[in-house]
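Laboratory data are not the source of any read-out in this text; all were calculated from the coordinates shown. Note that the structure is a prediction, hence the values are computed from the model and not measured. Reconstructed Cβ throughout: ideal geometry from the backbone, glycine too, with neighbour counts over all protein chains shown.
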Amino acid sequence: MTMTLKNALRTPLTIAVLGLALSGCTRIETGEVGLRINFDKTTDPTERLPGSFNQTLIGEIITFKIQDVAVAVDNMTPLASDNSTIKDFDMTVVYNVNPSAVSELWTTKNKTFHGLSEKGGDILLMQNYVALSARNAAYKVARAYESLKMADNRPLIEQQIRENIIKTLTEEKLSDKITVSQVQVRAITPADVIVNSANELVRAQNELKTKEVEVQTAKKEAERIAALNANAGAIGYMNAMANLKIAEGVAAGKVQTIVVPYDFKGIVNAK
């Protein structure tokens with residue numbers, strides 16, 4: 001058998017072996033970390049990093065999403081400083097897991113602390129734990145604000161919630177394993193009774209302003225009428241004084257001609 005024939009026979013076998021090997025491998029994607037679960041159900045403590053190929057013919061590889069894990073914390077109803085209950089408070093927390101802490105978190109923490117991604121089936125380490133910490137922080141921070149002022153203080157509320165989550169992680173000695181990068185408050189809806197009361201207050205204030213304007217207008221109108229009446233008396237006085245001057249002039253013989261209006265109703269003694 002020639003070398004060419006041997007190579008020809010060897011090539012399909014090689015391809016088959018490579019195909020079998022590749023089909024029994026899992027590649028760790030960017031933003032993930034893998035752990036090997038051995039055939040005896042024990043966990044290999046060495047993390048499999050992104051880009052590595054790991055055989056799954058014996059045992060299995062489970063993957064964990066560790067970068068920019070988003071936690072939606074919805075339908076909260078915290079109490080505001082005015083003792084009203086917020087109708088709806090929704091937020092999203094984004095965090096990252098230290099790749100070197102994956103094995104420790106998976107093997108030492110309660111499995112209920114973790115979540116599962118909707119796409120890909122990746123395990124979201126500590127997702128439920130972060131969600132619970134975020135919920136507690138939101139209820140604590142919201143208590144310091146009036147319900148109608150929360151929306152205006154959204155950036156400050158987000159910062160304070162993040163600080164409270166980090167404080168919890170520090171107390172639980174998890175701050176070097178979990179990093180909270182962002183807190184976004186997506187919705188703050190006050191209770192209907194508070195909104196209705198606020199609208200009624202605005203309506204009453206507008207009505208009061210309208211009445212104040214009406215009163216000021218009435219005062220100005222009264223002042224205008226008083227001024228007109230005062231001027232009317234002055235005009236009468238000046239007319240009387242003018243008539244007196246004319247009469248004096250006539251008596252002294254200084255007035256020869258008097259112009260009488262067409263509607264004059266007085267008495268003129270002509271000699």
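In this structure the amide hydrogen of S81, modeled in the peptide plane, comes within under 5 Å of the amide hydrogens of Y145, E146, S147, none closer than 5 places in sequence on its chain. Each peptide in 75-84, 218-227 receives the mean, over its residues, of other Cβ atoms within 10 Å, and ordering these scores from highest gives 75-84, 218-227.
Report ³J(HN,Hα) in whole Hz for each residue of segment 32-49, in order, from the Karplus equation J = 6.51 cos²θ - 1.76 cosθ + 1.60 where θ = phi - 60°; Gly and Pro get x. Along segment 32-49, the couplings run 10, 9, x, 10, 8, 9, 5, 4, 8, 6, 7, 9, 6, x, 7, 6, 8, 8 Hz.
Beyond 26 Å between alpha-carbons counts as too far, so tell me which of K87/K111; K87/K177; K111/K173; K140/K173; K87/K211; K119/K149 fall in that bin.
Beyond 26 Å between Cα atoms: K87/K111; K87/K177; K87/K211; K119/K149.
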